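Every read-out reported here was derived from the displayed coordinates using simple, explicitly stated rules and does not represent laboratory data. Keep in mind that this is a model prediction, so the values were computed, not measured. Here the Cβ is made from the backbone with ideal geometry for all residues, glycine too, and neighbour counts use every protein chain on show.
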Amino acid sequence: MLSVLKIIHGTTVDGPGLRSSIYFAGCTHRCEGCHNPQSWDVAEGKPMGIDEIVEVLNYNRFNVTFTGGDPFFQAEEVAQLAKSIKLRLRKNNIWCYTGYRWEQLVKEPRFQSLLQSIDVLVDSPFILAQRDISLRFRGSGNQRIIDVQKSLATGTLCLMEEY
C-alpha cells in the first residue's frame, strides 16, 4: 500500500503537457517555504494499492508525475507502481520530484529500482533563498531536471537543457 495525499489530473506545472500528478505522503527534507508541508507526515495520506492507483490513472491516460512529499520516502512501493504504469498503461514519460540530490540517490541501493523505472527526475531540496518563479517545472535555482535513463546508461549526469 502507498500513502497518497491526492491525485490531480490535467496539471501542467509538474512536467510538460497535461499530466496526472500523484502526491505521495511522507518527506523528511522539511524544506523551508515548502508549498506542501502537509505532505511531510506519511500518516496524512490515504492508503492506496497499486491496482487502485492504476485504475484512477487509466481514467484519462495523461502522462504521470510522482511528487509529494517525496516519492523516495516510499521508494520500493513507488517503483512497483511505476513498473505497473509502464506495463499496463503503456506510459513512457514518468517524471519524479525529490528533495534528494542525484549524487545521493545513485549511491543508495534501496533507490535503484525507482530510478530505473522513471524517465525524468527533478532533484534537490527547495531552497527558499533561491526561489525563482521564472523556472519551468521547479521552484528554486538549485533544482535540476535530469534525464534519468540517459544518466544511468552513461554513468554521467545528463541534464535536460530544454527546461
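Just a few scattered comments:
- For segment 71-163, fraction of C-alpha pairs farther apart than 19 Å, in %: 39
- Farthest positive-ward along segment 1-46 dipole, Cα basis, beta-carbon charges - from Cys27, Pro37, Gly15: Gly15
- Residue among Val106, Met48, Tyr59 farthest towards the positive dipole end of segment 44-163, charges placed on Cβ: Tyr59
- Debye log10 I(q)/I(0) for the chain, one point scatterer per Cα, at q = 0.13, 0.14, 0.21 Å⁻¹: -0.55, -0.65, -1.60
- Placed amide H near Thr11: partners under 5 Å, 5+ positions off or other chain: Arg19, Ser21
- Lysines with Cα under 19 Å of Lys86, excluding same-chain neighbours fewer than 8 positions away: Lys150
- Sequence-distant aspartates and glutamates (8 or more away, or on other chains) whose Cα lies within less than 12 Å of Lys6: Glu44
- When shorter helices are ignored and each DSSP H run of at least 4 residues is given -39500 (n - 2.57), the per-residue value for the chain at 222 nm works out to -6500 deg cm²/dmol.
- The charge dipole of the chain, taken about its Cα centre with unit charges on the Cβ of Lys, Arg, Asp and Glu (plus for the first two, minus for the last two), comes to roughly 320 debye.
- Distance distribution P(r), segment 6-100, all Cα-Cα pairs, bin width 5 angstrom from 0: 3, 14, 26, 26, 20, 9, 2, 0 percent.
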